[in-house]
Structures are given as C-alpha cells and as structure tokens.
Amino acid sequence: MSQQNEETAAQPGLARWPILVVIGLIAGALSGLFGIGGGVAIVPALVAWCGRDQRYAVATSLLALGPLAVAGVIGYSAHGQVDLRIALPLAAGSMVGAWLGAFLLTKMPLAWLRWFFALIAVATALRMLIDPGVSTGVVSHEWWRLALLLPVGVLIGVIAALAGIGGGAVMVPVMQIGFGIPAALAKGTSLLVILPTSILGGWRNLRHGNGSLRDAMWIGCSGILATLATTQWSVVMNPLLSDVLFGLLLVFVAVRTVWQDIRRLLRRRG
C-alpha cells in the first residue's frame, strides 16, 4: 500500500458505520456485563477493523464510553446496585487523573500506549483468575476509607485517558478486593465514575486533536440497548463466573493489542 493510501485509510471520517455499530454492540454488552465501560473492546477493534492508530483509538474510545456509562448506570440503579458515596471520591480523583492522562497521551509514543494498555489488562486478568469471586459483601462508608478512594481515583483517571478503557478494569477489582464491595455493586458504581471521566478526558482529547466525536457517537449510541440488556444478567451472575470471564477476556484483548509488536520482535530475532 502506498504512503498516500495509508494516510487515507487512517482518516477518521472514512470509518464504515456498520463496523462502528458492531463495535458498539460488543462494547455495550461488555460494559453492562462487567462494568468496565467497553474500552477493552473499542480500542483493539478500532485498530484491527478500522485501521486506526492507538492514539486515535484511545481518544475515540474514551468519548464513546459516555453513552454506554449512562445506560449502564440506569440498568444497575434499577436494582439498587450503584453507591453514590463511594462513587463521589472516585469520580473527583478520576477527573483530575483524566485531565493529566489526556495531556500525557499527546506525549507518549504509540508503542508505549499499546504495551501500557496490555500490561494493565494482564495485571487485572491475573487478579481475576487467581482469586475470583472475592468480596466481603459488607460495604463500609467510614470517612477514612472514602478518603482513600481519592488517590485511587486519580490513578484510574490517568489509566482511563492513556488506555481508553474507562478505568473500570482497575476500579472493579479495587472496590472488590480493597473495599469488600460485592461484584454487582462495584460494576454499577464503576460505570457512574466512568461517566465524568469520559466527558472530561474525551473533551480534552478533542482539544488536542485526538479521536473522532462522530465515530465515538456511532459506537456509544449503538451499544446502549446491549448495555441495558446485559446489566440485567450481571446483577444475578455468580461473582466467581463473572471474574473468570472478565479475566479471560482481558488476557485475549491484551495479547491482541500487542500481537503485531510481538511478531516483529520474533522476526528480528529469527
């Protein structure tokens, strides 16, 4: 393919809407089922199916998470599975982190972004697979516990802006392991936190010229019904099964994200 064709293929406006709809349906299903926003599907799908680079995919993914998060919060709230007191400090910290992460996104090499995304996914997957279904089932609202959520939120916001994954892949395990929150409540609360993170990080990415609002809305709006449907399953799912499925999904996505880099390294050594 010539350089001109490569540049044309990378233009955001040429993404085919049926592909974006399919991406949205997949992301919406994962968002509702796991409380992760859906970025773990959006980022690699935009790279693999639409020929986008990692920076574009991350920025567009973050924008697309807004509609999915709204749908997920509605679905989980209907079952009382959203905790506002836990969400507030996480959201406050994540908005600061999203602002910082969106700035770093313009400075980091694309290969670093791919590996950063993969490492976060693998680390989360290992936790899910080694010790699945762990939570005390007792939610504590002591002030010092809530205060600890602020720095956790900052880290989540940075990860969300750099990896385009909404931060749910970190939030859900942290809430379950560190704070003993049941799986369904952690997922619903995670999606509530993702909403302001998506808006702030996405807006800042657009200011830096990253991503496509049009493509993001195709993805986000297409996945709304899928998100609402899968939240109904998630609230009754066995926590152990939920963690195992989530872990396997993250391993697959991580390998897929850096597969081309791995192949290049193997060719050089061969």
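The conditions are (1) in contact with a Pro (Cβ under 6 Å, 6 or more places away or on another chain); (2) crowded, with 24+ Cβ neighbours inside 10 Å, and Met95 fails exactly one of them. Which is it? Among (1) in contact with a Pro (Cβ under 6 Å, 6 or more places away or on another chain); (2) crowded, with 24+ Cβ neighbours inside 10 Å, the lone unmet condition for Met95 is (2). Is it the case, given these coordinates, that Gly72 is closer than 15 Å to Leu213 by Cβ, at pLDDT 90 or above, crowded, with 24+ Cβ neighbours inside 10 Å and of a type in the set (Gly, Ala, Ser)? In short, no.
Could you check, for the stretch 167-181, whether at least one of its residues is on the phi > 0 side of the Ramachandran plot and part of a loop (DSSP other than H, G, I, E, B)? Looking through the stretch 167-181, at least one residue is on the phi > 0 side of the Ramachandran plot and part of a loop (DSSP other than H, G, I, E, B). Only a single criterion out of (1) surrounded by 18 or more Cβ atoms within 10 Å (Cβ to Cβ); (2) of a type in the set (Lys, Arg); (3) free of Cβ contacts under 8 Å to residues at least 40 places away in the same chain is not satisfied by Arg268, namely (1). Looking across Gly209, Gly202, Gly188, one residue alone is closer than 16 Å to Tyr56 by Cβ and buried (at least 24 other Cβ atoms within 10 Å of the Cβ). It is Gly202.
Residues that are under 20 Å from Phe179 (Cα atoms), surrounded by fewer than 17 Cβ atoms within 10 Å (Cβ to Cβ), in contact (Cβ under 8 Å) with a residue 12 or more places away in the chain and out of contact with any helix residue (DSSP H, G or I) (no Cβ under 6 Å at 6 or more places or on another chain) do occur in the stretch 119-126, at least one of them.
One residue stands out in the stretch 78-87 among those that are part of a helix (DSSP H, G or I) and surrounded by fewer than 17 Cβ atoms within 10 Å (Cβ to Cβ): the one that is nearest to the chain's Cα centre (by Cα), namely Leu84. The numbered conditions (1) in contact with a Ser or Thr (Cβ under 6 Å, 6 or more places away or on another chain); (2) farther than 20 Å from Ile219 by Cβ; (3) among the aliphatic types (A, V, I, L, M) are all true for Ala98 except (2).
For the stretch 24-66, the candidate set comprises residues that are β-branched (Val, Ile, Thr) and out of contact with any Gly (no Cβ under 8 Å at 6 or more places or on another chain); within that set, the residue that is farthest from Gly188 (Cα to Cα) is Val47.
The values are calculated or read from the model by the stated rules, or taken from the named source; none is laboratory data. Since we're looking at a predicted model, the values are computed, not measured. For neighbour counting, all protein chains shown are included, and Cβ atoms are generated from backbone atoms with ideal geometry for every residue, glycine included.
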